[in-house]
1. Counting other beta carbons within 10 Å of each Cβ, put 338, 268, 241 in order, fewest first.
2. Please give the peptides 66-73, 304-311 ranked by average Cβ packing (other Cβ atoms within 10 Å per residue), highest first, as a rough proxy for protection.
3. Whole Å is fine, so just give me how far the alpha carbon centre of the range 228-264 lies from that of the range 378-430.
4. Can you work out the FRET efficiency for the pair residue 118 and residue 289, with r the C-beta to C-beta distance and R0 = 25 Å, to the nearest 0.05?
5. Quickly rank 400-406, 368-374, 29-35, 107-113 as a protection proxy: mean count of other C-beta atoms within 10 Å, highest first.
């Protein structure tokens, strides 16, 4: 209880930084849909302002309001006083989960399944074998590349299927190129590849594209077999115990002293490792905190790595042409708003020879996914996602690219619901097509 009160007092000090200016209203995707003050960051911070009384008087009410947040970081990115709203909300969820006790089923999922890479692999392998009982095949591949759930009340949703073979079971020794002499010179760079749950199990083709591109550019890559989830699903649910366990597991896999960079293809994983790990590890033993900070410093999103480290640039032959299909780009919130990375993905798309790049309206507007937010508040998630799908359609694009597998899932769902045959891809997939016809 003493630790709980200490965290709550720290939260109150952070909340006090908010000036209640209301700028967050103009950027919050949930508020734009509901116009409900309690859905915007300012309203939630006002709720937390009386933290001690609110938690003990109505902890369930506080939890419900905090859960109506995408954790997209739009408010934090635009706050004139630099209030780290996402960190505040994550800590508040931890406090509430500690005070109320997490539901048994959720605790089992996080602390028995998610926290064990071996058991997680077994559960998802079983699910992949039997998913056909619940998921209809997509009628128009490869567009949204997902099928509708056959089970009510979820039949309006479209989900990509789990891959029959996850990335971690695929052979990762790849030819740099079909013509080895065409490969780039040896860079002398050594990286570790943090795969992430969704690239491993849902989009292994993206992970393979990343491996092929790194091999083509003669980057030495290590892919630890026993790496675990980055931990953000557990932390977003308030389970810091599982989060800390997952961070510790990953620190055993990735030695920051043996690599130049830790590369990821998931914007959420990148933001979690670079920003959330150090923030939440401040109270851990000094040695672990130092390792977390060192690894965070070396972590780069794949787009940033290819453009800023490898030096990928658009060439004359990869320039835009009206005869080429149009590709547009959706900025993942954790890439643009948390990490301030926007130019690199566009540079990579312009270096992809087969497409003409067209900017969509409000490219950095949230797609509405938000992880568990999509599960708990699908109506709100879909309302936000429909706006994003409409903006994709306005460009006339045949392909929409992004850098977050969760965003890929949401875009696929929304475009499929709109009846549009628009392919959803990772930007690295499109760049890889320049060198490899089959990924």
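Nothing in this text is a laboratory measurement; each read-out follows from the coordinates by a stated rule. As the structure is a computational prediction, the values presented were derived from the model and not from experiment. With ideal geometry, Cβ positions are generated from the backbone for all residues, glycine too; neighbour counts draw on all protein chains shown.
1. 241, 338, 268
2. 66-73, 304-311
3. Answer, in whole Å: 28.
4. 0.35
5. Values: 400-406: 26.9, 368-374: 22.1, 29-35: 18.9, 107-113: 16.7.
By packing density, highest mean first, the sequence is 400-406, 368-374, 29-35, 107-113.
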